[in-house]
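**Student:** The structure under discussion is supplied below as structure tokens; questions concerning it will follow.
The values are calculated or read from the model by the stated rules, or taken from the named source; none is laboratory data. Predicted model only: the values in this text are computed from it and were never measured. Here Cβ is always computed from backbone atoms with ideal geometry, including for glycine, and neighbour counts include all displayed protein chains. Ligands, DNA and RNA are excluded from the accessible area calculation, which covers all protein heavy atoms including side chains. Shrake-Rupley method; radii C 1.70, N 1.55, O 1.52, S 1.80 Å.
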Amino acid sequence: MSKKEEKQKKVKAPKGAPAAVPQEAGGKAKGPRGPSEPSRLKVRYVKEIVPALMKHFSYTNIMAVPKLEKIVINMGLGEAVANAKIVDVAMDELGKIAGQRPVVTRAKKSIANFKLRQNMPIGAAVTLRGERMFEFLDRLTSVVLPRVRDFRGVSTKSFDGRGNYTLGLRDQLIFPEISYEKVDKIRGMNVTIVTTARTDDEARELLKQFGMPFRQQ
């Protein structure tokens, strides 16, 4: 039988019929992934934190309850002015910490005294939202901060007056994702937690409910 006759014998699928599901090695059909399970902090927020905040601040509407909006991790790299390769190393470390590829931050204007030119890379930053935001906050409060030497809690004075909290970390080695042997230099970073709270008191109570270990006054 010729190839032309073989092609004619092939039956075409009718219009509107679902496409064939591709098969993985081993004969298993590769279908669409189901919804992943929500992080435990997200579940805790819905089931425990929202009712607790409504009772604490006497909210009458559940929409008034503050919530997390995003978490921004920023790593400044002043030494990148002399060595641009440092940016690649920092981005790799920040990507491992956040679980998401960061972006390069660049200088907005030139400063001659610092040998800084406009648009020169001077840092790396990453913005976390949704599930990754909750997972990072969970790791930060339960694993990372307790690894800090002589840790006595984080400051309660780092709010900006609009419900946002910024935490400074001195080095990246407190994150278990970073290997000590592969670190060439200690680099600090700022972690900014942005909330929808209207006051610092609301934001403080929100983060406290999430397990943020604030220092006892």
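**Student:** Considering ARG129, ARG187, which residue is surrounded by 19 or more Cβ atoms within 10 Å (Cβ to Cβ), closer than 17 Å to ALA98 by Cβ and among the charged types (D, E, K, R)?
**Tutor:** ARG187
**Student:** Another question, if that's okay. On the basis of being over 22 Å from ARG129 (Cβ atoms) and at pLDDT below 85, does ILE174 make the cut?
**Tutor:** No; evaluated as a whole, the condition is false for this residue.
**Student:** Additional query: Within the stretch 190-217, take every residue that is free of Cβ contacts under 8 Å to residues at least 60 places away in the same chain and not β-branched (Val, Ile, Thr) and give me the one that is most open to solvent (accessible area, probe 1.4 Å).
**Tutor:** Residue satisfying both the conditions and the ranking: LYS208.
**Student:** Which of the residues belonging to the stretch 30-55 are at pLDDT 75 or above and of a type in the set (Gly, Ala, Ser)?
**Tutor:** SER39, ALA52, listed by residue number.
**Student:** Please enumerate the residues belonging to the stretch 138-186 that are part of a helix (DSSP H, G or I), among the acidic types (Asp, Glu) and closer than 28 Å to ILE86 by Cα.
**Tutor:** GLU181
**Student:** Residue by residue through the stretch 90-109, note down the ones that are in a helix (DSSP H, G or I), under 11 Å from MET75 (Cβ atoms) and more than 14 Å from the chain's Cα centre (by Cα).
**Tutor:** ALA90
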